[in-house]
1. Please tell me the relative contact order of the stretch 157-255 in percent, rounded to the nearest whole number, where contacts are Cα pairs under 8 Å and at least six residues apart.
2. Taking 7 Å along the Cα-to-C-beta vector as the label spot, tell me the residue 229-residue 334 distance in nanometres, rounded to one decimal.
3. If I compute solvent accessible area with a 1.4 Å probe over the protein chains, what percent of it on the chain is carbon and sulfur?
4. May I ask you to rank 329, 232 by accessible area, largest first, using a 1.4 Å probe over the protein chains only?
5. Return one whole number: the accessible area per residue of the chain in Å², for a 1.4 Å probe.
6. Hand me the GluC sites (Glu not before Pro) from the stretch 241-312 located in a DSSP loop with no more than 10 other Cβ atoms within 10 Å, in residue order please.
7. Quick one: 3J(HN,Hα) in Hz for the stretch 70-76, Karplus 6.51/-1.76/1.60 with θ = phi - 60°, rounded, Gly and Pro as x.
8. Tell me the mean residue ellipticity at 222 nm calculated for the chain from its helices only (DSSP H runs of n ≥ 4, each -39500 (n - 2.57), averaged over every residue, nearest 500).
Amino acid sequence: INLKSIIPSTKLDNTQLTNFDEHKKELDKPERRDVLQMVFLNKEDAAKAFDKLNSGEDFNEVAKELEAENADNPTLGVVSYDELAESLADEAFGLKKDEMKLVEIADSWQVIKISEIIPAQEATFEEAKQDIEAILTEENLYDALRDARADIDDAISSGKTLNDVAKEFSVDIMSVTGVKEAVVLENVSEALKGIAKSVDFNEMVFSYGLNEISSTEEFDDGIVVVEVTDIIDAHLPEIGEVKDEIISIWNVQEKNAVAKEIAENIVIDIQEGGDITTASKARGLEVFISEPISRNETFAGLSKYDVADLFLANSNEAKIYEMSGNRFIIAVEADTINFVDELNEEDLKEINKEAESSILSDMTKSMLDAYAKDLKIEIDYKKAGFSE
């Protein structure tokens, strides 16, 4: 049962100014600003960008030229104070139109510029009437849902069939087949897509036996009642049903095994005194030599942790990394430039930062798995003031 058919809409007339006064703060539009933002990981690059902008160069061009972290889209768009992290909001809303500033935010250095300021606007009753009606309708949601669920549950408890209940509430019964316990449904009607996108629906269905009618459950799109009309017990499928899938899986695994064996044989050749160029050419593979990199840089799709691992390797020690798509990377040091026995202060700081980041990442994952594993969480890190 769709929410729109449950929630009574609220209409206002010009005499109902009390509701307007109660909701005025929600309806007033705060000052908003169009904020250009260029993000760098170090102060030196940010300062260069700031100087170039002061000399009249274009914001977008400077971002691309100096390879800002957000060079593809160096803007926050039009935002209000509350949409930004407090430290970033304080800086952005303290500037005048067309004014720029070099600021340190969280783990980054940023150049921000205000390209437009849209003043705050106080809402009037006539302008806000429709919004107030929507707010009041939303406020009635809880009572309306509670009453509808109680009425439906009472009807089912009294012995009425699902068809009887559907007629009483003027809704159509929809049929869903092939529901599996932990697999999100895909081939469903448009009306059911919002409900079927969560395994909560599957869990609801599997909570009842054959010919049982469920109690009401609330989903984002409305109220759901199900009746289980058929159960197919778990069984091994016929070979003909899964033959193509088995072959596909086998092909992927076989390719992966062959690629891994070739990579491991190259590493063995290097360990036995051979060189990577000869070992690779013998197997029809090319060798790529990177530009000199520091421990804070990367190449060929390796992560920063892979590169850190390479910097700990002994001279001529081959490292093998498994990538996506049946790809393996074998890396070995070609040359060492300006090598020193001890890490300098900057390198030590970077290693400490990476260690802290790794620990924090593991802790965050554990917390999310414990409390929100089945939730979809979206965070706009750029608006929160972070560079990554």
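1. 16 percent
2. 6.7 nm
3. That fraction is 49 percent.
4. Solvent-accessible surface, decreasing: 232, 329.
5. Per-residue value: 69 Å².
6. In loop regions of the stretch 241-312 (DSSP not H, G, I, E or B), the sparsely surrounded GluC sites (Glu not before Pro) are 272, 286.
7. 10, 4, 6, 8, x, 7, 9
8. -13000 deg cm²/dmol
The values are calculated or read from the model by the stated rules, or taken from the named source; none is laboratory data. As the structure is a prediction and not an experimental result, all values here were calculated from the model. Positions of Cβ are generated from backbone atoms using ideal geometry, with glycine treated the same way; all protein chains shown enter the neighbour counts. The protein model used for the area step is the full one, side chains on, heavy atoms only, and it has no ligands, DNA or RNA in it. Shrake-Rupley method; radii C 1.70, N 1.55, O 1.52, S 1.80 Å.
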